[in-house]
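Before any comments, here is the structure.
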Amino acid sequence: MDELGALGGLQLVHLQCHFGLDTLDLVRMHPNLEAVGLDFSHPAVSQAAELAEELGLSSRVSFVEADVRHAATALGEESFDVVYTGKGAICWLPDLDQWAGQCAALLRPGGYLYLCEFHPVGYALDQEVPGVGADYFSTEAWVEEEEGTYADAEAETVHNVTYWWNHPLPQVFDALMGAGLELRFFHEWDHTLFELTRWLIRGEDGRYRWPGSAKLPLMYSLKAVKPGG
């Protein structure tokens with residue numbers, strides 16, 4: 001919230017919003033903000049719309065079912081002051097160049113992208129012991145098959161094959177610069193929001209951190225501006 005700053009009077013789009021938790025929080029905390037959440041899941045978008053109605057926020061927030069790879073077509077080019085996304089979003093995308101192009105197309109000149117994501121260093125960690133267990137630089141698809149979801153490990157699910165991609169930081173920066181966006185800040189954080197490995201320690205604030213004094217980043221955030229305006 002500190003990094004986003006004041007959002008009153010702006011138009012914001014939340015890409016890959018799932019059921020709209022962050023979207024609704026942003027609108028609730030900024031009384032003059034208008035927002036649109038976009039996700040490709042029909043059940044998620046329907047739930048988000050129901051939550052907006054229940055919270056009395058439906059006059060300032062709406063939800064659109066669409067593929068993030070075609071977001072500008074679905075929502076209109078140069079329609080927003082802010083593109084907000086992250087916290088487990090871009091790992092589902094094999095092509096960051098296409099994604100960054102959509103972010104740039106959605107922004108008005110002078111508008112900005114705010115991305116807060118899980119750090120690729122975290123995805124390189126071993127699950128059982130502190131150390132490296134995977135290739136930080138790998139960009140090949142990771143394929144997993146298991147029942148349940150991150151929200152409910154016991155949920156009965158049918159389609160259980162998952163494809164996701166690690167994105168080393170140079171790949172993120174290259175995509176943003178290739179789309180014509182200009183980096184304003186980049187920050188790294190020593191915590192993450194879920195039990196990424198079995199040896200990270202959960203603090204009283206609910207965040208997971210390294211044991212001991214030696215640390216590496218587990219999350220990052222950045223702001224990138226569209227020139228002009």
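Of all residues being at pLDDT below 95 and within 16 Å of T197 (Cβ to Cβ) in segment 135-152, which is nearest to the chain's Cα centre (by Cα)? Just the residue, please. Here the residue is Y150.
On the stretch given as segment 37-70, residues that are touching a residue at least 40 places away in the same chain (Cβ under 8 Å), part of a helix (DSSP H, G or I) and touching a helix residue (DSSP H, G or I) at 6+ places or on another chain (Cβ under 6 Å) total 0. Within segment 1-19, can one find any residue that is small (G, A, S) and in contact with a strand residue (DSSP E or B) (Cβ under 8 Å, 6 or more places away or on another chain)? No, the conditions are met nowhere in segment 1-19.
Checked against (1) under 26 Å from L96 (Cβ atoms); (2) at pLDDT 95 or above; (3) not basic (K, R), G5 passes all but a single condition, namely (2). Considering only residues in segment 73-87 that are of a type outside the set (V, I, T) and touching a residue at least 60 places away in the same chain (Cβ under 8 Å), the one that is farthest from A179 (Cα to Cα) turns out to be K87.
Conditions tested, residue by residue: (1) of a type outside the set (D, E, K, R); (2) closer than 25 Å to W142 by Cα.
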position: P170; (1), (2): yes, yes
position: L193; (1), (2): yes, yes
position: R198; (1), (2): no, yes
position: G206; (1), (2): yes, no
position: G212; (1), (2): yes, no
position: P217; (1), (2): yes, yes
position: P227; (1), (2): yes, no
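Among the residues making up segment 4-36, those that are over 15 Å from the mean Cα position of the chain (by Cα), within 18 Å of V83 (Cβ to Cβ) and assigned to a loop (DSSP other than H, G, I, E, B) are G5, A6, L7, G8, G9, L10, H30, L33.
Counting only strands (runs of 3 or more DSSP E) that fall entirely inside segment 80-160 and contain at least 2 residues that are surrounded by 20 or more Cβ atoms within 10 Å (Cβ to Cβ), the qualifying elements are 80-86, 107-118. Of the residues making up segment 170-199, just one is part of a strand (DSSP E or B), surrounded by fewer than 14 Cβ atoms within 10 Å (Cβ to Cβ) and acidic (D, E), namely E182.
Considering segment 1-47, the residues that are among the polar types (S, T, N, Q) and surrounded by fewer than 20 Cβ atoms within 10 Å (Cβ to Cβ) include one that is farthest from A66 (Cα to Cα), namely N32.
The values are calculated or read from the model by the stated rules, or taken from the named source; none is laboratory data. Everything quoted here is computed from the prediction, not taken from an experiment. Quick reminder, even Gly has a Cβ in these numbers, built from the backbone with ideal geometry, and neighbours come from all protein chains shown.
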